[in-house]
Structures are given as structure tokens and as C-alpha cells.
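The values are calculated or read from the model by the stated rules, or taken from the named source; none is laboratory data. Please read these numbers as outputs of a predicted model, since none were measured by experiment. All Cβ positions, glycine included, derive from the backbone under ideal geometry; neighbour counts span all protein chains shown. Please note that ligands, DNA and RNA were not included when accessible areas were found on the heavy atoms of the full protein model with its side chains. Shrake-Rupley method; radii C 1.70, N 1.55, O 1.52, S 1.80 Å.
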Amino acid sequence: MKQDLIARYGGAAPRYTSYPTAPHFRDDIGAADYREALSRLPAEDPVSLYLHVPYCDTLCWFCGCHTKITRRYRPVGAYVDTLIREMVLIAEAAPQGLRMSQMHWGGGSPTLLRDEDILRLARAAIALFRPVAGFEFAVEIDPRDTGIDRIAALARAGLTRASIGVQDFDPLVQRAINRMQSFAETAGVVGNLRECGVQNLNLDLMYGLPYQTKARTLATVQRALDLDPDRIALFGYAHVPWMKPHQRLIPEDALPGPGERLEAFNAASELLVQAGYLKIGIDHFAKPTDSMARAHAAGKLRRNFQGYTTDTANSLIGAGASAVSRLPDLYLQNAVPVHRYSDTVRQGELPIAKGVSLSNDDRLRSAIIERIMCDFSVDLSALCERQGAVLSDIADALDRLERMASDGILTIEESTINIQPPGIPFTRQVAACFDTYFRNASEKHSQTT
Ligand SMILES: C[S@@+](CC[C@H](N)C(=O)[O-])C[C@H]1O[C@@H](n2cnc3c(N)ncnc32)[C@H](O)[C@@H]1O
Ligand code: SF4
């Protein structure tokens, strides 16, 4: 039966970090729309800030992020100047005194920034968007370029949470993905972060990488558990060489098939749950005391461009090349090529390349898809009512859902959908039932299992 379900539902589907998804952003949305939407933000509503650093010093062959490799620091230092200028442009367009509840630095590798640049970037952000009480500041950390001084600089800048890139501890897997990183290196960073007072730690692991058998995946998870993180993200490797040509360097014949991937993920999940972690959404695990576990229990988990989040802000402002922003009715994406992004900012213009304005129908479907991805369950009538819609507005999804119900993927009681344990690996496919753009397009995504 499992093989049957994989054959029927294991196809490609978006990861739904937004709806509509990024391939449906359009280039007739630009800086003027962004300025106007920023000016309409309620001044008393805190926002969340995301800063993207699109540089790394070596390329991991699996990487699906927006990054470029640099051996020189000069462009990175200059990029920090540009990021600060962009934040000034945003603050000028927004109501005075706009505050932030969370700040997240991602990439690429923000830990490539020198200590002095970390401090001036954090200080600039904090001066422009004053933090509210309980402010959270998270940074993605590559242990291979993060010594104790860098961690001390991040701690001085106010870091409260660190997300540490690991992927897999096995040297055979590491060689096949061009990412050699010893356990001692990772353990050292974990120890240094804790010593500097950064207590909230997440480890990024992956499954579905070349040579990753179930046994190797379990061994990596066990070593990750030895480091006692508060959260673990276990991402399914998205192999999309048509979008990321460097992934052709990955030996495809060493990639596990859909059945093996699922088996490795399920075994890893079981180990994590036995160790006391709660499974959250499609790829996260958190200790019950962690804020993500508490948000999940309260039905307040959210999903945005960084994946699952506890962020409750209504608006996410993204700065940096390729960064995505979500304002109440508008998604926007900055120019992806760093030179285009930088030239636009230096000319004093917001560097928007494309976006999409949400219709009432988009807003409804976005809310449904978010609940499916976060809770594996949604009461369609209640949600329609909250959004001023009726069930017949989403009638197009119902046929597909019925078929999934008869295959044991989910149950439909009254108007509530509950994804069942055998259906959880196909959550993205359930969400796709509500995605009118996906069904009408021929775009290619990664496999769901
Ligand atoms: C920006 S990186 C994290 C910070 C730092 N650059 C590092 O790698 O340590 C974000 C995370 O995305 C995940 N990731 C990157 N490419 C991926 C892919 N193709 N499929 C699934 N996850 C991926 C990895 O787990 C990685 O740690
Ligand atoms: S996984 Fe991280 S370090 Fe590796 S290339 Fe991607 S962004 Fe850079």
C-alpha cells in the first residue's frame, strides 16, 4: 500500500512557504507598490525583519539557497553597506517608529560577516526598527566559518537563537555533497554558543542525500541528539538540477529512491520522538519546552519564507538580494542577482523585482494551505467564515480531497479535513488541492517524499 501511495501521490509539489508560490510572482509589481504598502502599515503593529546574506566561501553541491561563492571579503563588506541603505529606504517609506518583534539573518552564510560588520549591521537594524519586549534575534550559522570571536560578536549584537547547519555527520555523505564538517567542529560551536549565553539552538539536518541509508540517517540523528538542541529541522533534500545546475555534481545514482527516503525519515522521526521531541509540521522536531512546540500546541504555528516560525507579526520585511517580503495583501521579492540588487539600492530605489497582490480568493486559499502545512488539519467552514467566504468557493478542491480520503490519506468529517498518519508524507499534495495556480501550470518542483 505504501508503494501505491508513493506512486499516486509522491510527485512534485511546492513546499508552500507562501501562497501564491514564488513562480507566480509577476514583474508588474514593483517599488511603487511596496512603498505604498509600507506607508499603510499600522505604526503600532510590530513587523518581523529578515536580512539575506547571499555569500558563502565554498559551495555545498546540494544547496538550493540563493547564494554565490566568494573568496574575497571586499564584496561582502560592501554588501553590508547596501543592506543598511536598503533598510534606511524601507524605514523612510514606513510609518515612523515602526518596531520589530523578530529579526532573522539567513543566507548564504551570515557567519561569513566579519565581527565589526555583524555589529554595525545589527546596530543599524535595531536603530531603524526598535525591538519590542521579548524580541528574538536568530542567525543561521555555518560551523565551518564560525570561531569563538564571531560567536561573541553575535552575542554582543543581541543574538537569542542560533540555527546551525549540519546536514549529515557521515564522511562518505559529506564528501558526496562537498561539505566536510567534523562532529568536533559542530560540537565546538554548540558549546561556544551556550557559553556566550545563546541557549536556544536548532540543528539543520537533511535526509535523501547521496549514500544516506536509513542506518546513516539514524546515526546522524543520534549524534545530533548528543548535542541536546532545542529544535531539529530534518529537511528532505530537494533535488532540482534544472533550477540549480551545480546539483548535477551530486552522484544521482547514489541518491535514495522515494521509498528509501520515506523509510529513513520515518525511522529518524521515531528516534526523535522517543528522545522526547515533538514532531512539528512536515520537517521540524522540538522539545516540549521550546517556543515552536508551544506555538504548535496553541494552534499558532505559522509558515513563511524561512519555513515554520513562531513569528506572529502580520508583516515580514525582507532585505537583501532575493529576499521576500510579505505585507498584509502583497508579496514582493527583491532582485536576485546581487549586482542588480546593489545597483538599484545605490540609486536610492527599493530593489523589488516582482511580486503578487493577493485577491480574496488567494487570501482564503493561503490561510487554508498554511493550516494544512502547520496542523495537518483544517476546519474549512470555520476558516471560510472567518475570511468572509463560503465552502462553494473552494468546491474545486473537494473532488480531489474525496479521492485522497478513499485512499486513506485523510478523513473528512463535516467540513474538517484531518490528514492521517499514512498521508502525512503527502501533506504538500493535500495542500496542492487548494492551489489553483499549481494545477494550471506545468512548473517543476521537488518530489514530495
Ligand atoms: C542557508 S543554509 C544554513 C546556513 C549555512 N549556510 C549552512 O549551510 O550552514 C539553510 C539550510 O537549508 C537546507 N538546504 C539547503 N539546500 C537544500 C536543498 N536543496 N534541499 C533541502 N534543504 C536544503 C540546509 O539544511 C541548510 O542548512
Ligand atoms: S548550504 Fe549553506 S554553506 Fe552550503 S552553499 Fe548553501 S548556503 Fe552556503
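Just checking, does the range 122-144 include any residue being among the β-branched types (Val, Ile, Thr) and without any contact (Cβ under 8 Å) to a residue 40 or more places away in the chain? Within the range 122-144, one or more residues are among the β-branched types (Val, Ile, Thr) and without any contact (Cβ under 8 Å) to a residue 40 or more places away in the chain. Checked against the criterion of being open to solvent by less than 10 Å² (accessible area, probe 1.4 Å) and either at pLDDT 95 or above or touching a Lys or Arg at 6+ places or on another chain (Cβ under 8 Å) (or both), the candidates Pro54, Pro42 yield just one match: Pro54. Among the strands (runs of 3 or more DSSP E) confined to the range 50-169, the ones with at least 1 residues that are under 20 Å from Asn334 (Cβ atoms) and within 16 Å of ligand 2 (Cβ to nearest atom) are located at 99-107, 130-141.
Go through Val390, Val378, Val336, Val345 for me and flag whichever is outside the structural domain of Ile417 (by TED's automatic domain parsing) and in contact with a helix residue (DSSP H, G or I) (Cβ under 7 Å, 6 or more places away or on another chain). Step through it out loud before you land on a result.
Working: Val390 fails: outside the structural domain of Ile417 (by TED's automatic domain parsing); Val378 fails: outside the structural domain of Ile417 (by TED's automatic domain parsing); Val336 fails: in contact with a helix residue (DSSP H, G or I) (Cβ under 7 Å, 6 or more places away or on another chain).
After ruling out the rest, the residue left standing is Val345.
In the range 239-255, the residues that are away from ligand 2 (no atom under 13 Å from the Cβ) form Cβ pairs under 7 Å with partners that are open to solvent by 80 Å² or more (accessible area, probe 1.4 Å), at six or more places apart or across chains, as follows: Pro241/Arg248; Trp242/Lys444; Ala254/Tyr211. Among the residues of the range 41-53, those identified as in contact (Cβ under 8 Å) with a residue 60 or more places away in the chain and more than 10 Å from ligand 1 (Cβ to nearest atom) are Leu41, Asp45, Pro46, Val47, Ser48, Leu49, Tyr50, Leu51.
Kindly evaluate Asp379 against the criterion of being closer than 19 Å to Tyr16 by Cβ and more than 27 Å from the chain's Cα centre (by Cα). So Asp379 fails the test.
Take Asp145 and decide whether it is closer than 23 Å to Phe62 by Cβ, within 14 Å of ligand 1 (Cβ to nearest atom) and at pLDDT below 95.
Details: closer than 23 Å to Phe62 by Cβ: yes; within 14 Å of ligand 1 (Cβ to nearest atom): yes; at pLDDT below 95: yes.
Yes: the conditions hold for Asp145.
State all residues of the range 170-201 that are within 16 Å of ligand 2 (Cβ to nearest atom) and in contact with an Asp or Glu (Cβ under 7 Å, 6 or more places away or on another chain); if no residue qualifies, say none. Reasoning before the result, please.
Our first condition is that a residue be within 16 Å of ligand 2 (Cβ to nearest atom); within the range 170-201, this holds for 173-182, 185-186, 189.
Gln174 - this is the single residue of the range 170-201 that is within 16 Å of ligand 2 (Cβ to nearest atom) and in contact with an Asp or Glu (Cβ under 7 Å, 6 or more places away or on another chain).
In the range 71-101, the residue that is farthest from ligand 1 (Cβ to nearest atom) out of those that are open to solvent by 20 Å² or more (accessible area, probe 1.4 Å) and of a type in the set (S, T, N, Q) is Gln96. Does the range 240-261 contain any residue that is farther than 24 Å from Ala176 by Cα and hydrophobic (A, V, I, L, M, F, W, C)? No, the range 240-261 has no match at all. Counting only helices (runs of 4 or more DSSP H) that sit completely within the range 176-294, those holding 3 or more residues that are within 21 Å of the chain's Cα centre (by Cα) correspond to 258-274.
May I ask you to say which residue of Gln222, Gln181 is closer than 23 Å to Pro288 by Cα and without any contact (Cβ under 8 Å) to a residue 60 or more places away in the chain?
Working: Gln181 fails: closer than 23 Å to Pro288 by Cα.
Being closer than 23 Å to Pro288 by Cα and without any contact (Cβ under 8 Å) to a residue 60 or more places away in the chain holds for just one of Gln222, Gln181, which is Gln222.
When Thr67 is evaluated against the numbered criteria (1) more than 28 Å from Arg302 (Cβ to Cβ); (2) in contact with a Cys (Cβ under 6 Å, 6 or more places away or on another chain), which criterion, by number, is the only one it fails? Of everything listed in (1) more than 28 Å from Arg302 (Cβ to Cβ); (2) in contact with a Cys (Cβ under 6 Å, 6 or more places away or on another chain), Thr67 misses just condition (1).
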